[in-house]
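The values are calculated or read from the model by the stated rules, or taken from the named source; none is laboratory data. For clarity, every value in this text was computed on a predicted model and none was experimentally measured. Ideal geometry is used to build each Cβ from the backbone, glycine not excepted, and the neighbour counts take in all protein chains shown. Heavy atoms of the whole protein, side chains included, go into the accessibility calculation; ligands, DNA and RNA do not. Shrake-Rupley method; radii C 1.70, N 1.55, O 1.52, S 1.80 Å.
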Amino acid sequence: MNTEPRVEDLLRELAPQVLGVLSRRFGDFATAEDAVQEALLAAATQWPSEGLPVNPRGWLIQVGYRRMIELVRGEQARRRREDLVARQAPDDRQYAPAPDEELAAERDDTLVLLFLCCHPALAPTSAVALTLRAVGGLSTAEIARAFLVPEATMAQRISRAKQRIRASGLSFRMPEPAERADRLVAVRQVLYLIFTEGHTSTSGPHLRRIDLAAEAIRLSRALHTLLPEDSESAGLLALMLLTEARGPARTGPSGELISLADQDRSRWDAAAIDEGITLVTRALPRGPVGPYQVQAAIAAVHDEAPSTEQTDWPQILALYQVLERLAGSPVVALNRAVATAMVHGPAAGLAALDALAHDPQLAGHHRLAAARAHLHEMAGDRARAIADYRTAAARTSSRPEQLYLTMRAARLAAEPGEGPPAAVEVDDGPAAAVEVGEGPPAAVEVGEGPPAAVEVGEGLPAAVEVEVEP
């Protein structure tokens, strides 16, 4: 489908909002999702040639309403549901609103939708996949890549999750406080996965997907507003703000990746950094301390440093060690290995990486090869660094990362051997999903973004981020 980029971005932003409206007003999430997809298809076909409507959100709601009514009337079971709704609901629920009509009921239901998709009735992997599809706006193919499964398998998983929600008769409402606790871990996990895909795309020509990162931050703000005393939700929002604050300096004029040491730190978003530091500073004493708060603290240390060389690496290493105790995993160990190299030298870091070489989540992944290349370069072993950079470039599906790693190898190959570089730097992206229990990780990020390593139950993807700069 050839759709103008502005239309694509707008549809991605509006889809969860329209889905929330239809789900709440009709009480049928699965059918509403089908209706929204058809409305989006109609918009993608018509808007580029006819122009944007005055009220794009109202236009989508109107088309979705009409399609919902058609679908409800299509089967006898749904006709019975429609009759029941007709007896119990006001008449305005039976008719599509005008595109420019502003209804009081058309509040933003995206956070409610998020909690619905993360219902305990669903298996963790299904809940995450469904939420990434419905709330995050990721395509089935993108989610399949994140979980390292075929697209058809992921489509079936999402379809089964929708059927499970339909069969369970779940009402579209914000769960009561007692219910929220059961869903919060998955809700935070999904929000961070949406953010990481936006901050550093797992594939494609662009390093960032700003719309996804912005939506994840918006929803995290809403979650923090709903639960202001929840320290981990505050830590999650802080982590996103502190990470995305570096976004404007991460790419050059042609979209090329710029490493942390080469970034113009005056372009970092000072307001976002101040807000993130304030959030994590307030959250840590409240406790209990969780992985997102620790990762936010690591991001804060990076953001407060005047330069890579002046970064407080011993503090970062100590925080990684805390993170490993809270949420130990191979990807956390990868982060810690890089921090170890910055404090104790490349030999110590390489020894730590060697211990991870046969881990099924990391073996054969481009992030392990990239980290090894950086540390070999730091040690002055150009031949091994070049080989590992080339290996990493061949394994990543992100074009900006491929170019970056290839250029690192080419630059080393062209330089005379004059000893090791002054420092290992830190690239700046969060990781994409790392599937737990279903094969190797989709993307273990070696970058300057959030050092996320949060495993939430068997089968849930964990996000990871490592700070290593070439």
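In table form, for the structure just shown:
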quantity: Meets criteria (in contact (Cβ under 8 Å) with a residue 24 or more places away in the chain and either of a type in the set (Gly, Ala, Ser) or part of a loop (DSSP other than H, G, I, E, B) (or both)) for SER201; calculated: yes
quantity: Residue under evaluation GLY364, criteria (1) buried (at least 23 other Cβ atoms within 10 Å of the Cβ); (2) in contact with a helix residue (DSSP H, G or I) (Cβ under 8 Å, 6 or more places away or on another chain), criterion not met; calculated: (1)
quantity: Scope segment 403-425; condition in contact with a His (Cβ under 9 Å, 6 or more places away or on another chain) and either modelled with pLDDT under 90 or open to solvent by 50 Å² or more (accessible area, probe 1.4 Å) (or both); matching residues; calculated: VAL424, GLU425
quantity: Criterion (modelled with pLDDT of 80 or more, in a helix (DSSP H, G or I) and open to solvent by 20 Å² or more (accessible area, probe 1.4 Å)) met by exactly one of ALA42, ALA35; calculated: ALA42
quantity: Test: residue in segment 345-353 that is touching a Ser or Thr at 6+ places or on another chain (Cβ under 7 Å), surrounded by fewer than 23 Cβ atoms within 10 Å (Cβ to Cβ), without any contact (Cβ under 8 Å) to a residue 24 or more places away in the chain and more than 28 Å from ARG188 (Cβ to Cβ); calculated: yes
quantity: Residue match in segment 211-230 (condition: assigned to a loop (DSSP other than H, G, I, E, B), at negative phi and free of Cβ contacts under 8 Å to residues at least 12 places away in the same chain); calculated: yes
quantity: Selection within segment 246-256 - open to solvent by 50 Å² or more (accessible area, probe 1.4 Å) and assigned to a loop (DSSP other than H, G, I, E, B); calculated: PRO253, SER254, GLU256
quantity: Some residue of segment 158-169 being at pLDDT below 75, of a type in the set (Val, Ile, Thr) and open to solvent by less than 20 Å² (accessible area, probe 1.4 Å); calculated: yes
quantity: Segment 194-224, residues that are open to solvent by 10 Å² or more (accessible area, probe 1.4 Å), of a type outside the set (D, E, K, R) and closer than 16 Å to LEU114 by Cβ; calculated: ALA214, ILE217, ALA222, HIS224
quantity: Unmet criterion (only one of (1) at negative phi; (2) at pLDDT 90 or above) for GLU445; calculated: (2)
quantity: Selection count where residues are part of a helix (DSSP H, G or I) and either more than 19 Å from TRP268 (Cα to Cα) or in contact (Cβ under 8 Å) with a residue 24 or more places away in the chain (or both), scope segment 284-307; calculated: 15
quantity: Test set (1) among the polar types (S, T, N, Q); (2) within 22 Å of LEU237 (Cβ to Cβ); (3) not in a helix (DSSP H, G or I) - GLN310 fails condition number; calculated: (2)
quantity: Residue match in segment 262-279 (condition: in a helix (DSSP H, G or I), open to solvent by less than 10 Å² (accessible area, probe 1.4 Å) and modelled with pLDDT of 95 or more); calculated: yes
quantity: Number of the exception - SER259 against (1) open to solvent by less than 10 Å² (accessible area, probe 1.4 Å); (2) out of contact with any helix residue (DSSP H, G or I) (no Cβ under 9 Å at 6 or more places or on another chain); (3) among the polar types (S, T, N, Q); calculated: (2)
quantity: Matching entry among ALA341, ALA387 (being open to solvent by 10 Å² or more (accessible area, probe 1.4 Å) and part of a helix (DSSP H, G or I)); calculated: ALA387
quantity: Filter pass, LEU326 being open to solvent by less than 10 Å² (accessible area, probe 1.4 Å) and in contact with a helix residue (DSSP H, G or I) (Cβ under 7 Å, 6 or more places away or on another chain); calculated: no
quantity: GLU229 being at pLDDT 85 or above, of a type outside the set (A, V, I, L, M, F, W, C) and open to solvent by 50 Å² or more (accessible area, probe 1.4 Å); calculated: yes
